[in-house]
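Chemist: What follows is a structure written as C-alpha cells; I'll ask about it next.
The values are calculated or read from the model by the stated rules, or taken from the named source; none is laboratory data. This one's a predicted model, so the numbers in the text were calculated from it and none came from an experiment. Reconstructed Cβ throughout: ideal geometry from the backbone, glycine too, with neighbour counts over all protein chains shown.
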Amino acid sequence: MNYVLLILGMAVITWLIRTAVFVLGDRIVFPPLVRTALGFVPVTVLTAIIVPMAVSPHGTQAELTWRNPQLVGALAAIAVSALTRRPLLTIAVGLTVFFVCQGVVLK
C-alpha cells in the first residue's frame, strides 16, 4: 500500500509542476541570469549521463586506457565536435570509432 501512495504522490507532484508551466506560461518572466543558466541544463544533464558510462563502462572503477572503446569513442566525438560543430558528423564518428575499437579490442 505504501508503494501505491508513493507512486501516486510522485505522479501528482509531476502533474502539478508540468501543469503550472502550461497554465502560467507567459505570465512568468525569469531574470536574464536564470534564463542563461537554464540554457546550460541540457548540456549538463547529458554530460552527467555520458561521462560515467564512458569512463567506467562496467560500473566498478574507472578504465582510463585505450582498451576502453566507450572512452575512445567519446574522445573521438569530442574532437570532431570541437573541430566541426556538426552534430550528425559527431555522432557518426563517435559511433564508428566505438564499434571499430570494440571489434578490434574484443577480437
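Chemist: Leu95 passes all but one of (1) at pLDDT below 95; (2) surrounded by 13 or more Cβ atoms within 10 Å (Cβ to Cβ); (3) of a type outside the set (Gly, Ala, Ser); which number fails?
Modeler: Leu95 satisfies every listed condition except (1).
Chemist: A further question on this structure: Do you know which of the residues in region 22-42 that are part of a loop (DSSP other than H, G, I, E, B) and farther than 30 Å from Ile91 by Cβ is modelled with the lowest pLDDT? Before the answer, list the steps.
Modeler: Let us first name the residues in region 22-42 that are part of a loop (DSSP other than H, G, I, E, B), namely 28-31, 40.
Now restrict to residues that are farther than 30 Å from Ile91 by Cβ: 28-31.
On the way: Ile28: 80, Val29: 84, Phe30: 84, Pro31: 90.
Across region 22-42, the extreme among qualifying residues is Ile28.
Chemist: Just to be sure, is Thr65 surrounded by 10 or more Cβ atoms within 10 Å (Cβ to Cβ) and of a type in the set (S, T, N, Q)?
Modeler: Values: surrounded by 10 or more Cβ atoms within 10 Å (Cβ to Cβ): no; of a type in the set (S, T, N, Q): yes.
Taking the combined requirement at face value, the residue does not satisfy it.
Chemist: Taking Val45 as the residue in question, decide whether it is loosely packed, with under 10 Cβ neighbours inside 10 Å, of a type in the set (Val, Ile, Thr), over 19 Å from Leu95 (Cα atoms) and modelled with pLDDT of 90 or more.
Modeler: The answer is no for Val45.
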